[in-house]
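**Q** Pasting in a structure now, in C-alpha cells, and then I'll have a few things to ask.
Any read-out appearing in this document is the output of simple, stated calculations on the displayed coordinates, not a laboratory observation. Only a predicted model underlies this, so the values are computations on that prediction, with no experimental measurement involved. No Cβ is skipped: glycine too gets one built from the backbone with ideal geometry, and neighbour counts run over all protein chains shown.
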C-alpha cells in the first residue's frame, strides 16, 4: 500500500484457467482497501487477457463501487484491446471508462459514492 492507495500488480496471462484466482485476489484487495481510498490494478505486464478475466475485473469494479473504493486500471495494449472490443459493456456510467491521453492505456476509474 502506498499512501492512500493499494496496488495489485498482475503479469503474464489471465484466462479461464486462472480468472477465479484473479477475481478472488481483486475482491480481497477491495475488501482490504479503506473506504474512499484507491485500489490500483496494474495489468501493464499482462500478455494475454480474455473475456473471463474481464468479467473478473468487472466483478471487482462492482465490489469496489459498493465498498466506496476508487478502482484505477493500468492496462497493457493486450488488455486495452479486449476492453476496446467489448467497450460498449464498459460504458456504464457507474464504471466510468476513462481514456488516458495516449489513447492506448484505458483507465477505469470508479469514484467513491458520497
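**Q** With a point put 7 Å past each Cα toward its Cβ, work out how far residue 31 is from residue 18 in nm, to one decimal.
**A** Each label point lies 7 Å from its Cα, and together they span 2.2 nm.
**Q** Work out how much length residue 86 to residue 55 would gain on full extension: take 0.36 nm times their residue separation and subtract the Cα-Cα distance, in nm to one decimal.
**A** 10.1 nm
**Q** If you don't mind, another one. Hey, with R₀ at 22 Å, roughly what FRET efficiency would residue 47 and residue 5 work out to, going by the Cβ-Cβ distance, to 0.05? Display every interim value, and only then the final one.
**A** Working: r = 25 Å, r/R0 = 1.13.
Using R0 = 22 Å, I get an efficiency of 0.30.
**Q** Now a separate question. Let me have the relative contact order for segment 1-90, percent, based on Cα pairs under 8 Å that are six or more residues apart. Mind showing how you got there, number by number?
**A** Working: 144 pairs, mean separation 31.2, N = 90.
Over segment 1-90, the number comes to 35 percent.
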